[in-house]
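The values are calculated or read from the model by the stated rules, or taken from the named source; none is laboratory data. Remember, it's a predicted structure, so these values are computed and weren't measured experimentally. Every residue, glycine as well, gets a Cβ built from its backbone with ideal geometry; the counts of neighbours run over all protein chains shown. Just so you know, the surface numbers come from the protein's heavy atoms only, side chains and all, with ligands and any DNA or RNA stripped out. Shrake-Rupley method; radii C 1.70, N 1.55, O 1.52, S 1.80 Å.
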Amino acid sequence: MSELQLKDLYDGFRNPDTIRSLAKQIADEAKNLKMPLRIMEVCGGHTHTIMKYGLPQLLPDTISFIHGPGCPVCIMPKERIDHAIALAKMENTILLTLGDMIRVPGSKTSLAQERAAGYDIRPLYTPMDALKIAKENPDKRVVFFAIGFETTTPMTAAVIKATIEQNITNLFFHINHVLVPPAVDAIMADGKAQINAFIGPSHVSVISGAKIYQPLPDKYKTPVVVSGFEPVDVLQGILMIVRQQVQERADLEIEYTRSVTMEGNTIAQKLIDTYLQPRSHFRWRGIGDIPDSALEIRPEFAYLDAEKIFGDILPNEPIDDHKLCICGTILKGLAKPMECKVFGTACTPNTPLGSCMVSSEGACNAYYRYAGVLA
Amino acid sequence: MCLSIPSKVVKIDSESNIAIVDTMGVTRKAGLELVEKEDIKVGDYVLIHIGFVMNKIDDEDALESLKVYKEILEIMDEDERQKLVLEDDNCENRGA
Ligand code: SF4
């Protein structure tokens with residue numbers, strides 16, 4: 001019998017006293033920093049924790065956070081959302097996707113608005129439900145609009161595998177899975193955000209392994225600490241970063257050792273590799289085209305690829321964001337949500353103008369919800 | 001999308017390759033496609049993401065981290081108490 005209780009896992013990593021004492025330890029050690037720390041937390045889950053627990057207020061002024069592009073909903077360009085809408089509007093079709101995706105505005109409407117207009121668009125709790133829906137509707141086409149970083153990719157691969165094994169012929173996949181390392185590399189190569197340390201994503205790393213970030217310390221001499229999502233994890237990660245900087249090291253370290261290894265989940269990695277391959281180009285919302293930064297279905301399985309099969313009805317023109325929206329600048333780490341003219345006025349979680357306001361992992365949404373902590 | 005709340009495995013249905021887990025008192029099903037079947041046992045802590053078990057949480061590691069944090073807390077408390085006393089000693093307004 002394990003000595004660990006569920007309660008320890010829930011409460012232990014959120015304990016306010018632990019949070020305070022860790023913050024103090026960081027403040028003490030940060031006195032030895034030779035230059036201010038600009039830490040990018042790549043993942044929207046971390047942005048959420050940082051804002052929810054008011055971590056910037058607990059830390060010295062020499063440590064600031066740059067919010068990264070790791071929110072799968074926020075980086076989806078409008079033309080891809082228009083794809084989903086075009087697919088949903090095909091005759092006899094059910095369109096499936098995950099969570100917040102249905103609220104993100106495309107060029108004219110969102111999937112949620114189209115659903116209200118009568119199209120059969122369903123948010124899924126788990127991609128596995130796609131199999132059930134396809135089987136229950138044999139006379140309909142079912143398209144799964146798959147989104148997410150490395151974290152959700154193996155689940156899509158598992159559904160593709162089951163579709164083939166169970167001979168389901170009416171289920172198709174529109175793949176929008178994106179990869180963290182090329183996006184982070186693009187931001188570093190650009191250099192404007194002046195990031196000098198990274199908090200590495202939690203769940204992406206559970207799947208891919210921490211090893212995928214090795215190029216950051218190697219190429220840019222930038223420390224990376226893979227942290228868990230709990231506030232204590234994030235603070236511990238920051239402490240490890242401060243120590244690296246003070247000792248003039250740039251290493252890849254794992255704070256989140258209870259779930260992350262260097263190698264990651266190799267079963268999941270194999271599953272991805274069997275069905276998906278890198279795509280030469282993908283346009284990130286606000287950031288622009290990044291080569292090899294996303295995945296697509298392998299040519300052997302092209303008969304499942306909605307982008308190929310229904311290609312002739314899918315719009316191809318790149319569509320830029322609303323002209324007032326500065327999501328792209330925020331995702332590149334060059335601005336904070338409050339710098340947007342319509343933040344909290346014309347753009348709120350209920351009336352999102354841009355993608356960063358939609359998902360709870362988006363920087364604008366996190367600032368909006370937890371602004372009270374900031375004041 | 002990403003929640004990191006740990007779940008406890010309460011039952012394994014090997015026929016349908018599904019684990020029944022308890023997440024803060026809520027019972028849910030989770031697919032075992034992404035893990036080695038022999039690796040997951042009843043009583044294990046796991047992370048669930050969009051209906052799948054992603055990995056097993058290393059109990060010992062979690063316990064170890066929690067212990068370290070407790071120690072930090074205890075040391076800091078003493079340290080802080082001392083600081084308070086010292087700061088009090090230096091207080092310019094004493095007796096004002
Ligand atoms: S507040 Fe809204 S419009 Fe402004 S950057 Fe954020 S998402 Fe875009």
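None of A:213, A:220 is within 21 Å of the chain's Cα centre (by Cα), modelled with pLDDT of 95 or more and on the phi < 0 side of the Ramachandran plot except A:213.
Per the listing A:90, A:76, A:101, the residue uniquely crowded, with 23+ Cβ neighbours inside 10 Å and more than 30 Å from residue A:241 (Cβ to Cβ) is A:101. Screening the range A:325-375 for residues that are within 10 Å of the ligand (Cβ to nearest atom) and hydroxyl-bearing (Ser, Thr, Tyr) and picking the one that is nearest to the other protein chains (Cβ to nearest Cβ) gives A:355.
Residue A:284 falls short on exactly one of the conditions (1) within 16 Å of the ligand (Cβ to nearest atom); (2) at pLDDT below 90; (3) in the same structural domain as residue A:170 (by TED's automatic domain parsing); (4) not aliphatic (A, V, I, L, M), and that condition is (2). I'd like to check something: does the range A:290-306 contain any residue that is open to solvent by 20 Å² or more (accessible area, probe 1.4 Å), of a type in the set (Ser, Thr, Tyr) and within 21 Å of the chain's Cα centre (by Cα)? No, because not a single residue in the range A:290-306 is open to solvent by 20 Å² or more (accessible area, probe 1.4 Å), of a type in the set (Ser, Thr, Tyr) and within 21 Å of the chain's Cα centre (by Cα). Taking the criterion of being open to solvent by 50 Å² or more (accessible area, probe 1.4 Å) and assigned to a loop (DSSP other than H, G, I, E, B), the residues of the range A:320-345 that qualify are A:320, A:322, A:323, A:324, A:332, A:334, A:336, A:341, A:345. Residue check, residue A:97 against (1) β-branched (Val, Ile, Thr); (2) at pLDDT below 95; (3) touching a Pro at 6+ places or on another chain (Cβ under 7 Å), all met but one. Which one? Just one mismatch for residue A:97, condition (2). Take the conditions (1) facing chain A (nearest Cβ under 7 Å); (2) surrounded by 14 or more Cβ atoms within 10 Å (Cβ to Cβ); residue B:56 misses just one of them, which is (1).
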